[in-house]
Each structure stands twice: as C-alpha cells, then as structure tokens.
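Reviewing the structure listed below.
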Amino acid sequence: MNIHRIVTGPFQTNCYIASNDQGQCLVVDPGDEAERIDTAINELDLTVIAYPTTHGHVDHVGKLAEMRRRHEAPIGMHPLDAAWAFSPENALPPWFEAPENPGTIERKYEDGQTWEDGNMPYNILFVPGHSPGSVAFYFESEGILLAGDTLFQGSIGRLDLPGGNEADMLKTLARLMELPDDTRVLPGHGNETTIGLEKRSNMFILQYGLA
C-alpha cells in the first residue's frame with residue numbers, strides 16, 4: 001500500500017490518498033483544496049473507490065461533496081458525527097462555511113468493523129474524545145493507523161470544540177497505547193509518529209499515566 005499526503009487549507013489538515021498496485025485508492029478526509037487533491041489523483045493515475053472520514057469537523061469533510069462529483073465513490077462516517085457534520089453548526093467562520101452535504105453516507109462506521117477496499121483491509125476503531133463519532137483506520141497488516149485528530153506527534157486532539165469529551169479521550173488514548181509500538185501513526189495534522197515514540201515522549205500520554 002502506498003500513502004500520499006496532501007496538506008490542505010488554513011488549518012493544514014492532512015488528506016491521505018492510500019493506493020494499491022492496481023491503481024485504486026481511498027481518499028481520507030478531503031477537507032479543503034479539492035483541486036489539489038484531484039490533481040494528485042489524476043497525476044498518480046488512480047481510481048477512487050471510497051472516501052473514509054475520520055470525523056465530521058469541517059476541515060476534514062469540507063470538500064467531500066465536490067470530490068464525489070469529480071470521482072464517484074461511497075462515503076464512510078460514524079453516525080454520531082454524520083448527524084451534524086453537514087449542518088450550519090459545523091461552520092467555522094471566517095475560515096470555513098458549513099460543508100456542502102455530499103448526499104448519502106453509504107457506510108455507517110461502527111467499532112470493530114473491517115472494510116476491504118482494493119485488497120487494503122482496515123479495521124474501524126471507535127475513538128471518541130475529539131468528537132463524538134471519531135474513528136481511526138487501522139491497517140494492521142501494514143502497521144499503519146490513520147488516527148484523525150485523536151493522536152498527534154507530541155500532542156492529542158483538542159477537547160474544547162463542540163462534542164469534545166475528556167473522559168472519552170482518556171479511554172481512547174489508553175486503547176491506542178495498546179497497539180504495537182512500531183505502529184506508524186498518520187495524524188490529521190502534522191507529521192507522522194509511532195505509538196512507541198508517543199509512549200516515551202508525549203507529555204499528555206505521560207501526564208495521564210497511559211504509557
């Protein structure tokens with residue numbers, strides 16, 4: 001599996017294009033700059049087969065509708081975030097208007113599901129805290145976790161946005177620390193890290209006694 005990162009928008013949100021050797025790809029969290037994402041897909045000569053989304057915040061879902069018009073494929077999201085992701089409450093002025101509704105959310109993510117798109121199997125981990133319906137995508141055979149805004153290099157997801165919950169986040173982080181130390185963590189913002197590195201150096205993980 002190949003992963004191409006595109007950093008988009010005013011919040012420098014990571015959109016990931018995960019592809020196989022047959023030219024099929026997943027587009028994860030197309031939050032902004034659809035034209036750049038589309039250019040990358042076309043330059044890599046890829047066919048989009050799904051749009052997995054880690055959570056509903058506007059900087060992660062803002063261009064889902066436009067991307068689906070360009071490349072038709074099913075969208076996945078947890079129902080707890082799908083309930084508000086495309087409503088006016090998800091606007092973030094002056095940076096973002098409310099996201100355009102992309103239509104049907106074909107895949108309703110729940111903890112423990114396994115999806116296999118283009119021979120790229122991944123497990124759905126329910127990781128609330130940053131938002132009520134946050135999920136992470138665990139490609140176990142690849143040792144890769146697409147963590148959304150749950151765990152960052154040296155930090156964790158914000159809890160002061162609507163739907164943030166510290167108790168949920170603590171449970172989520174404890175669960176993630178049970179993954180193998182060499183698991184690559186590809187976060188929703190910033191550079192990649194590993195579970196082992198965060199156990200050793202993340203001040204929040206250490207402060208909460210989760211290492």
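Bear in mind these aren't lab numbers, they're just calculated from the coordinates by the rules spelled out. For clarity, every value in this text was computed on a predicted model and none was experimentally measured. Every residue, glycine as well, gets a Cβ built from its backbone with ideal geometry; the counts of neighbours run over all protein chains shown.
A compact table of results
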| quantity | calculated |
| --- | --- |
| Residues M67, M1 arranged by fewest to most Cβ contacts within 10 Å | M1, M67 |
| Computed lengthening from S141 to D160, 0.36 nm per intervening residue step minus Cα-Cα distance | 3.4 nm |
| The chain, helix-only ellipticity at 222 nm - DSSP H runs n ≥ 4, -39,500 (n - 2.57), divided by all residues, nearest 500 | -5500 deg cm²/dmol |
| Among L161, N20, I124 the positive-end extreme of the charge dipole of the chain (Cβ point charges) | L161 |
| Using distinct alpha-carbon pairs, which all enter the 1/r mean, Kirkwood radius of region 106-211 in Å | 13.8 Å |
| L145, L206 arranged by Cβ crowding within 10 Å, fewest neighbours leading | L206, L145 |
| Coordinate range along principal axes, alpha carbons of the chain, Å, largest first | 46, 40, 29 |
| FRET E, pair Q22, E178, Förster distance 22 Å, beta-carbon r, rounded to 0.05 | 0.10 |
| Sorted by Cβ density within 10 Å, fewest first, the residues T8, T150 | T8, T150 |
| All aspartates and glutamates inside 18 Å of K108 as judged from Cα atoms, apart from same-chain residues fewer than 8 positions distant | D29, E72, D81, E116, D117 |
| Qualifying lysines (Cα of each under 24 Å from Cα of K199; at least 8 residues distant if same chain) | K171 |
| Q207/V7 FRET efficiency (R0 30 Å; Cβ-Cβ; nearest 0.05) | 0.60 |
| Given charges at Cβ of Lys, Arg, Asp, Glu: the chain dipole, positive-most of Y138, M177, G188 | M177 |
| Positive minus negative residues near I156 (Lys, Arg vs Asp, Glu; Cβ under 11 Å) | -2 |
| Test item: Cα-centred dipole of region 2-207, Lys/Arg +1 and Asp/Glu -1 on Cβ, debye | 260 debye |
